[in-house]
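Please read the structure below before turning to the comments.
The values are calculated or read from the model by the stated rules, or taken from the named source; none is laboratory data. Given the structure is predicted, the values throughout are model-derived calculations rather than measurements. FYI the Cβ positions are ideal-geometry reconstructions off the backbone, even for glycines, and counts take in every protein chain you see.
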Amino acid sequence: MNKSLFKLQCPAPKFDFDIITLAHGSGGKLTNQLLETGVFDVLKNDILDKHHDGAFLEMTGKIAFSTDSFVISPIEFPGGDIGELAINGTVNDVAMCGAIPQYLSLSFIIEEGLPVSQFWDIIVSIKYAAEKSGVKIVTGDTKVVDKGKGDKIFINTTGIGHLHPNAQIDMSRIKSGDKVIISNSIATHGIAILSVREGLKFETEIESDTTNLNHLTKELLDKFGNKIHLFRDPTRGGVAATLNEIASEIEKGIILNDDKIPVLPQVKAACEILGLDPLYTANEGVFMSFVASEIADDVIKVLQQYPESKFASIIGEVKDEPKDKVLITNPMGGKRVVHMPIGEQLPRIC
């Protein structure tokens, strides 16, 4: 079910208030109404329904654990909002460890004055993203701060999941000859955020690529196991920052092919107008894989079956030289160094 249809099935209840006030964080009647009607009733499951201060989970074996905070501006953008982004981002962080996300915590810091209708939309987006990812929200917290002490709403999430039995995801396993795969076109999220933040208009609306990636990583691990050496999502700093971090850690070179890096035409055009490089622009629904060379073509075939990875491509290769460097080659044979970004191109994109 797409998000629009999902939202139609979640009509907002009748609240006795139109905006969030400091009293909603006081622990009294208004807090109870906000949580019972606006959070617990929407996100209900067998663990959250117990309304404990924490959650009782039954887990055995090796697990992956990740936490993240979301302070994006604006909180609503083409293709998503802060609620959907928070769930997808944390699910993806756990998935990048080679794990199967199962449980999430969810905490809000709300600025006094946030319209309740906007908060409700965020909660519905959270429910949609959680159900799509197959995770349960099992505990959380809500705080309200004075007007001017926040920026509408901040969200903190923590995710936990079992390690996939076939996963051996570790940077130390990357070797020369490994292929670098990108799961989809890049730079879409960063340009979507910038366009709405700055009021930019393009002929074709650019929507964020935020989505959960855990079903893709699970299928790759199911099929290829330990021949998948690393997963990584290139969020802040984009592909350039992520690859530079990896090259430095493994003390090898990474050589990219410029004509193999997928960028949507409208995103590429927007980057050219704004003087941005897609390699340095943020993503939220894209991951990179370092895989053994003999499975690279098969990995692409698997990914391209899905709409969220239909532009999957082998974009480069790991080499012994130049150590600690990322280079990109163009079709004419020219090469340039892809440096680690300095500062923030696009602040507050997640």
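To keep it simple, each residue is scored yes or no on (1) touching an Asp or Glu at 6+ places or on another chain (Cβ under 8 Å); (2) surrounded by 20 or more Cβ atoms within 10 Å (Cβ to Cβ); (3) of a type outside the set (A, V, I, L, M, F, W, C).
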{"site": "Phe202", "(1), (2), (3)": "no, no, no"}
{"site": "Ser208", "(1), (2), (3)": "yes, yes, yes"}
{"site": "Glu219", "(1), (2), (3)": "no, no, yes"}
{"site": "Asn226", "(1), (2), (3)": "no, no, yes"}
{"site": "Ile273", "(1), (2), (3)": "no, no, no"}
{"site": "Pro278", "(1), (2), (3)": "no, yes, yes"}
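Of the residues making up the stretch 37-66, those that are farther than 30 Å from Asp18 by Cβ and surrounded by fewer than 14 Cβ atoms within 10 Å (Cβ to Cβ) are Asp46, Lys50, His52, Gly54, Phe56, Leu57, Glu58, Met59, Thr60, Gly61, Lys62, Phe65. Filtered by the rule that a residue be farther than 19 Å from Pro74 by Cα and of a type in the set (D, E, K, R), the stretch 121-145 gives Lys127, Glu131, Lys132, Lys136, Asp141, Lys143. Residues that are in contact with a Gly (Cβ under 6 Å, 6 or more places away or on another chain) and not in a strand (DSSP E or B) within the stretch 161-191 comprise His164, Asn166, Ala167, Ile169, listed in sequence order.
Any residue at all in the stretch 233-254 that's more than 21 Å from the chain's Cα centre (by Cα), more than 16 Å from Ile174 (Cβ to Cβ) and polar (S, T, N, Q)? No; the residues of the stretch 233-254 include none that is more than 21 Å from the chain's Cα centre (by Cα), more than 16 Å from Ile174 (Cβ to Cβ) and polar (S, T, N, Q). The C-beta contact set for the stretch 57-76 (first residue within 21 Å of Thr142 (Cβ to Cβ), second residue loosely packed, with under 13 Cβ neighbours inside 10 Å, distance under 9 angstrom, 6+ apart or interchain) comprises Ser73/Pro347. Restricting attention to the stretch 304-335, and to residues there that are part of a loop (DSSP other than H, G, I, E, B) and of a type in the set (A, V, I, L, M), which single residue is farthest from the chain's Cα centre (by Cα)? Applying the filter and picking the extreme gives Met332. Would you confirm whether any residue within the stretch 15-36 is at pLDDT 95 or above, more than 25 Å from the chain's Cα centre (by Cα) and either at positive phi or not assigned by TED's automatic domain parsing to the domain that holds Gly150 (or both)? Among the residues of the stretch 15-36, not one is at pLDDT 95 or above, more than 25 Å from the chain's Cα centre (by Cα) and either at positive phi or not assigned by TED's automatic domain parsing to the domain that holds Gly150 (or both), which makes the answer no.
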